[in-house]
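Participant: Right, I'll just put the structure down here and ask away after.
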Amino acid sequence: MISFLWAEDENRLIGKDNQLPWRLPADLKYFKETTMGHPIVMGRKTYESIGKPLPGRTNIVLTRNPSFKVDGCEVLHSKADFLSWAKKTDEEIFVIGGAEIYRLFIDEVDQLYVTKIFEQFEGDEYFPKINWENWQLVSKKPGIKDEKNPYDYEFRKYVRK
Ligand SMILES: NC(=O)c1ccc[n+]([C@@H]2O[C@H](COP(=O)([O-])OP(=O)(O)OC[C@H]3O[C@@H](n4cnc5c(N)ncnc54)[C@H](OP(=O)(O)O)[C@@H]3O)[C@@H](O)[C@H]2O)c1
């Protein structure tokens with residue numbers, strides 16, 4: 001099963017200068033708790049933005065560069081490579097971005113975990129448009145707004161109808 005996990009603002013913005021446009025540690029905590037123990041899949045640019053493999057998870061990086069190698073990550077080179085890898089496991093696989101990789105698997109994804117941040121930020125990468133009629137909301141939890149997390153935000157999970 002393939003799941004997407006991401007955070008977006010009111011305009012579907014997800015990135016700025018290869019970083020996140022906001023600081024929201026409660027969302028990073030949610031990310032860690034939700035993905036821990038599961039394989040995570042990311043584009044090479046998102047990998048470089050994180051800068052290291054994330055512990056406790058099989059890290060898969062997608063790149064077209066045949067000589068890209070990093071200790072602690074599996075490297076795959078095409079959509080087809082990833083889909084055949086995914087078929088071999090019963091685990092829930094989390095696609096964690098970025099924009100190009102979400103676009104690549106938008107037709108294959110089964111579940112969506114989105115953190116909606118009710119703000120408008122500046123940036124340069126957007127989550128693709130989704131036809132929400134095909135998706136059923138199965139859970140919704142407000143985020144806690146405090147000094148370190150100074151926005152209104154909400155954790156939502158959808159499954160494909
Ligand atoms: N808000 C969020 O939840 C969230 C989550 C993740 C990322 N982000 C943000 O998103 C931005 C990065 O997104 P992005 O779209 O620029 O980059 P990306 O999706 O992380 O990575 C793009 C790279 O993936 C590789 N790739 C793409 N299609 C491929 C294919 N079919 N086969 C093999 N490799 C393929 C290519 O690597 P090569 O060039 O090496 O070939 C491509 O340059 C950053 O700002 C990051 O902070 C936000």
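Participant: Counting only residues that are in contact with a helix residue (DSSP H, G or I) (Cβ under 9 Å, 6 or more places away or on another chain), of a type outside the set (A, V, I, L, M) and either within 10 Å of the ligand (Cβ to nearest atom) or touching a residue at least 40 places away in the same chain (Cβ under 8 Å) (or both), how many does segment 45-91 have?
Facilitator: Total meeting the criteria: 8.
Participant: Going through segment 21-49 one residue at a time, which ones are under 27 Å from S78 (Cβ atoms) and either polar (S, T, N, Q) or assigned to a loop (DSSP other than H, G, I, E, B) (or both)?
Facilitator: Across segment 21-49, the qualifying residues are T34, T35, G37, H38, P39, T46, S49.
Participant: If you don't mind, there's one more thing I want to ask. G37: at negative phi, of a type outside the set (K, R) and modelled with pLDDT of 95 or more, yes or no?
Facilitator: no
Participant: Name the one entry in E108, E91, E100, E119 that is exposed (fewer than 15 other Cβ atoms within 10 Å of the Cβ), within 17 Å of K16 (Cα to Cα) and at pLDDT 95 or above.
Facilitator: E100
Participant: Which strands (runs of 3 or more DSSP E) sit wholly inside segment 50-143 and have at least 3 residues that are closer than 19 Å to L28 by Cα? Walk me through it before giving the result.
Facilitator: Working: elements: 59-62, 73-76, 93-95, 111-117, 135-142.
It comes to 93-95, 111-117, 135-142.
Participant: Residue pairs, Cβ under 7 Å, 6 or more apart or interchain, first in segment 127-139 and closer than 16 Å to F105 by Cα, second assigned to a helix (DSSP H, G or I). List them.
Facilitator: F127/A99; F127/Y102; P128/Y102; P128/R103
Participant: Moving on. Going through segment 123-140 one residue at a time, which ones are of a type in the set (D, E, K, R), surrounded by 11 or more Cβ atoms within 10 Å (Cβ to Cβ) and more than 16 Å from the ligand (Cβ to nearest atom)?
Facilitator: Looking only at segment 123-140, we keep the residues that are of a type in the set (D, E, K, R), and these are 124-125, 129, 133, 140.
Next, from what is left, pick out any that are surrounded by 11 or more Cβ atoms within 10 Å (Cβ to Cβ): 124-125, 140.
The one that is of a type in the set (D, E, K, R), surrounded by 11 or more Cβ atoms within 10 Å (Cβ to Cβ) and more than 16 Å from the ligand (Cβ to nearest atom): K140.
The values are calculated or read from the model by the stated rules, or taken from the named source; none is laboratory data. All values reported here derive from a predicted model rather than from experimental measurement. Ideal geometry is used to build each Cβ from the backbone, glycine not excepted, and the neighbour counts take in all protein chains shown.
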